[in-house]
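The values are calculated or read from the model by the stated rules, or taken from the named source; none is laboratory data. No experiment lies behind these values; they were computed from the predicted model shown. Cβ atoms come from the backbone with ideal geometry, glycine included; neighbour counts cover every protein chain shown.
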Amino acid sequence: MIFKDKVTIITGASQGIGETIAREFAAEGATVVLVDIQKEKLDAVAAAIAAAGGRAVVQAADVSKFDQAAAVAETVLREFGKIDHLINNAGITRDNLLMRMKEEEWDAVIAVNLKGIFNFSKAVVRSMLSARAGRIVNLSSVAGAMGNAGQTNYSASKAGVLGFTKSLAREVGSRGITVNAVAPGFISTPMTANLPDGVKQSFLAIIPLQRFGETVDVAKAVRFLCSDDAAYITGQVIHVNGGLYM
Ligand code: NAP
């Protein structure tokens, strides 16, 4: 078990990619701290992890709220004494063409996808600096790398994640902390389930591996970046997109 005795915070852990990351890390021995807004959904994920022999604790919080992120980190440090990994996964979409995009749609996406990463990274980084160890993995998106019509807000937030990742990697590298990003392509999750069939088919036509990704495809990349095998990798982006963008 490669994450035995490690403590991992995963945001947006109640479904989709975050839930799968939580299950993967718990299966590798990590104590996983599940963060999301809806406590009931988190309780169900924690129960499933416990039933599989893993260790999960639930922390209901809104990543866009600075104080809530700080409170989660404080609680984890009080209870477990350290934070080994932070997986900034929570994200939302509010798609619209710019012509029709409302200010609230822009603000909501930036608040969760970008400020959320600031909030949680800031909440954990001091303890990682003291420990002279730590791994931060941020979920970006293919949309942040290549753009996507109807997603100016989302693409801007996910491109911002890449700049944040590289800058923080430069700030904390000397203390043994790595900061990397994973940029998924089209992954089958609740986030993408409701897209119109036509949109799904047009993506499928331009994915060289000719299938949508599964959450485990993304979770395996995150697992690698937190493993000892990735000790000399920082400030990088792993694209998990079936070749959609290369
Ligand atoms: P998802 O199924 O929608 O799950 C995202 C989770 O984040 C949900 O449980 C959601 O809770 C939670 N969340 C939303 N706002 C939050 C907040 N303010 N505070 C705490 N938790 C919050 O999404 P996913 O597809 O697994 O995506 C995970 C990450 O990968 C996201 O950052 C996404 O942008 C990125 N990504 C996904 C794809 C894809 O194809 N699926 C592609 C590229 C990048 P609620 O359900 O309560 O809202």
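Among the residues that make up the range 128-138, is at least one of them touching a residue at least 24 places away in the same chain (Cβ under 8 Å), over 15 Å from the mean Cα position of the chain (by Cα), on the phi > 0 side of the Ramachandran plot and within 16 Å of the ligand (Cβ to nearest atom)? There is no residue in the range 128-138 that is touching a residue at least 24 places away in the same chain (Cβ under 8 Å), over 15 Å from the mean Cα position of the chain (by Cα), on the phi > 0 side of the Ramachandran plot and within 16 Å of the ligand (Cβ to nearest atom).
Scanning the range 94-107 for residues that are touching a helix residue (DSSP H, G or I) at 6+ places or on another chain (Cβ under 8 Å) and assigned to a helix (DSSP H, G or I) turns up Glu105, Trp106. The set of residues in the range 140-158 being touching a helix residue (DSSP H, G or I) at 6+ places or on another chain (Cβ under 8 Å), of a type in the set (Gly, Ala, Ser) and under 16 Å from Arg94 (Cα atoms) consists of Ser140, Ser141, Ala143, Gly144, Gly147, Ser155, Ala156, Ser157. Restricting the range 75-126 to residues that are in contact (Cβ under 8 Å) with a residue 12 or more places away in the chain and among the acidic types (Asp, Glu), the residue that is nearest to Arg175 (Cα to Cα) is Asp84.
Kindly establish whether Arg211 is basic (Lys, Arg) and buried (at least 16 other Cβ atoms within 10 Å of the Cβ). Answer is no for this residue.
Restricting attention to the range 210-234, the residues that are touching a Ser or Thr at 6+ places or on another chain (Cβ under 7 Å), among the aliphatic types (A, V, I, L, M) and not in a helix (DSSP H, G or I) total 1. Of all residue pairs spaced 6 or more apart or on separate chains, none has beta-carbon atoms under 6 Å together with a first member in the range 42-65 that is at positive phi and among the aromatic types (Phe, Trp, Tyr) and a second member that is outside any loop (DSSP other than H, G, I, E, B) and within 12 Å of the ligand (Cβ to nearest atom).
Residues of the range 184-195 that are modelled with pLDDT of 95 or more and either charged (D, E, K, R) or more than 7 Å from the ligand (Cβ to nearest atom) (or both): none at all. Restricting attention to the range 161-183, the residues being over 15 Å from Gly242 (Cβ atoms) and either modelled with pLDDT under 90 or among the hydrophobic types (A, V, I, L, M, F, W, C) (or both) number 9.
Looking at the structure I just gave you, is Val125 β-branched (Val, Ile, Thr), surrounded by fewer than 21 Cβ atoms within 10 Å (Cβ to Cβ), farther than 20 Å from Arg223 by Cβ and more than 11 Å from the ligand (Cβ to nearest atom)? No, not satisfied. Checked against the criterion of being touching a Leu at 6+ places or on another chain (Cβ under 8 Å) and buried (at least 20 other Cβ atoms within 10 Å of the Cβ), the candidates Leu34, Leu86 yield just one match: Leu34. Could you tell me whether any residue of the range 107-117 is closer than 26 Å to Phe80 by Cβ and more than 16 Å from the ligand (Cβ to nearest atom)? Scanning the range 107-117 turns up no residue that is closer than 26 Å to Phe80 by Cβ and more than 16 Å from the ligand (Cβ to nearest atom).
Residues being under 27 Å from Gly185 (Cβ atoms), within 16 Å of the ligand (Cβ to nearest atom), surrounded by 20 or more Cβ atoms within 10 Å (Cβ to Cβ) and not polar (S, T, N, Q) are entirely absent from the range 64-83.
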